[in-house]
Every structure is written in C-alpha cells, then in structure tokens.
Amino acid sequence: MIVIYILLFILYFILGLLALLLLLTLVPVRAQLSFDGVFRLRIKYLFLDIPILPSEPEEGPEEPASEEKPEKQKKPEKSGGPGIADRIKASLKREGLGGFLQAIGELISLLGQASAGILRRLRLRRFDLYLCVAGAGDAAAGAELFGRISAGVYSACGVLFTLLPCKDKGVTVDLSYDLWESRVDFSAELSMRPFFVLTEGLKLVLKSLRPLRRILHSERKNKK
C-alpha cells in the first residue's frame, strides 16, 4: 500500500507540475517599445520587468599588460562522422538538384506557415505615434515634406492595423513652422502567449523531420 501511495503522489506531483507549466505558458509576454530620441524596449512577464534596449556595455576588469605572446590555440580535431556540408553534398548527389530544391522549398513553406501562425496570435495592445515635421528653415519645403510623410505614414499604419488590429491607437502627423528639427514620439505595446509560440514551434519541428531527413541523411555502407 505504501508503494501505491508513493506512486500516486509522484503521479499527482508530475500532473500538477505540468498543469503549472501550462498555466505559465498561457500568461502573455508583453513587449513595450518607445522612441523619444532614444529607442527603448522592455519585456514584461508576470513580476519580471527586463529592459532590453538601450543596453549599457558592461565594464569588465582591465587585463594587465603582458609582453608574452599568447599561445596559439590548437584547432579542434575533426570528428569521424560526416559534417553538415558533407551531408548536403551527399543529398544533392542522391536526390538530384530537383529533389534537393523541393526539400528546401518544403522547409521554407513550413517556416512561413509557422511565422504566419505566430503573427496571427500577436496582439497589438497600444499604438501611439506623433510626428511633427519641422518647417522653420524653408516653409515650402516643409509643407511638401509634410505631405509626403503624411501619405506614407497613414498608409503604412493602415496596413499595420489590418494585420494587427488595435483598439487603443493614435497616429498624428503635424507641421510646425517653429521647429528646426523634426520630432518623433512613439510608443507601443505587443503581447503574445508563449503557449502559441511553443505549439507552432512543435508543429514546425514535427513537419520538418521529413525534408530535413532527406537533406541531412547520410547513407551508411554496410561493412563486410
């Protein structure tokens, strides 16, 4: 009986751990982007708040100057098995150019499907863009530039909102004859659940096994 209780405890523990991991993958990861002269990017997940940009270079301890010449590192010995380049050459010889290109095309198609699946799950929570064109130097040139930028920005944002619908959005292009330099203020927030990235990645790996096997498979000669 004790053994049965121990096995049940282990089973419940594993199931509880899997359920916890599943719940963690359903919590969205948020990326906050902003630009006000400096581009900033922060990743937020649960209680974690990780600044990605701007990144500050780490200052390591200075190494003391040495007159001795560094010893040459030995080149790693090649393993006995065939490398990736050798496998690709063997695949070209075995499958022919048509079969090889077909396998590459299948991989590219699967990668495109996975990217499209991930993009469908991406959510644009907030988007705010303010662009002010400077017209203090030359009013006519500033007005002409304002017209070109307005057309380009509103057209590009229209395409973006078609791909990623957003309720909290704002796009403004302005012209100021008091500014000597154009001004850009931008902020946005994107989110995605890791669960969908994992599922798309798993589907990509499983579907890619066949074309990858055709490309990287090496024929082994039977030794007598």
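The values are calculated or read from the model by the stated rules, or taken from the named source; none is laboratory data. The model shown is predicted, which means the values in this text are computed figures rather than measured ones. Neighbour counts are summed over all protein chains in view; Cβ atoms, including those assigned to glycine, are modelled from backbone coordinates with ideal geometry.
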Only residues in the range 16-33 that are closer than 18 Å to Leu48 by Cα and in contact (Cβ under 8 Å) with a residue 60 or more places away in the chain count as the first member; pair them with residues that are assigned to a strand (DSSP E or B) and among the polar types (S, T, N, Q), Cβ under 9 angstrom, at least 6 apart or cross-chain, and list the lot.
Pro28/Ser191; Val29/Ser191; Arg30/Ser191; Ala31/Ser191; Gln32/Ser187; Leu33/Ser187
Exactly one of Leu24, Leu33 is assigned to a helix (DSSP H, G or I), closer than 28 Å to Met192 by Cα, modelled with pLDDT of 85 or more and under 25 Å from the mean Cα position of the chain (by Cα), and that residue is Leu24
Among the residues of the range 103-130, which ones are free of Cβ contacts under 8 Å to residues at least 12 places away in the same chain and of a type in the set (Lys, Arg)?
Arg120
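Keeping to the range 166-194, report how many residues are out of contact with any strand residue (DSSP E or B) (no Cβ under 7 Å at 6 or more places or on another chain), surrounded by fewer than 14 Cβ atoms within 10 Å (Cβ to Cβ) and not aromatic (Phe, Trp, Tyr).
Taking the range 166-194 as the starting set, the residues that turn out to be out of contact with any strand residue (DSSP E or B) (no Cβ under 7 Å at 6 or more places or on another chain) are 167, 177-178, 193.
From what is left, the residues that are surrounded by fewer than 14 Cβ atoms within 10 Å (Cβ to Cβ) are 167, 177-178.
Next, only the ones that are not aromatic (Phe, Trp, Tyr) stay: 167, 178.
Qualifying residue count for the region: 2.
Given the options Ser91, Ser109, name the one that is among the hydroxyl-bearing types (Ser, Thr, Tyr), more than 22 Å from Ser187 (Cβ to Cβ), at pLDDT 75 or above and assigned to a helix (DSSP H, G or I).
Working: Ser91 fails: at pLDDT 75 or above.
Of Ser91, Ser109, the one residue that is among the hydroxyl-bearing types (Ser, Thr, Tyr), more than 22 Å from Ser187 (Cβ to Cβ), at pLDDT 75 or above and assigned to a helix (DSSP H, G or I) is Ser109.
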Only listed residue being out of contact with any His (no Cβ under 9 Å at 6 or more places or on another chain), β-branched (Val, Ile, Thr) and within 24 Å of Leu26 (Cβ to Cβ), chosen from Val171, Val159, Val205, Val133:
Val205
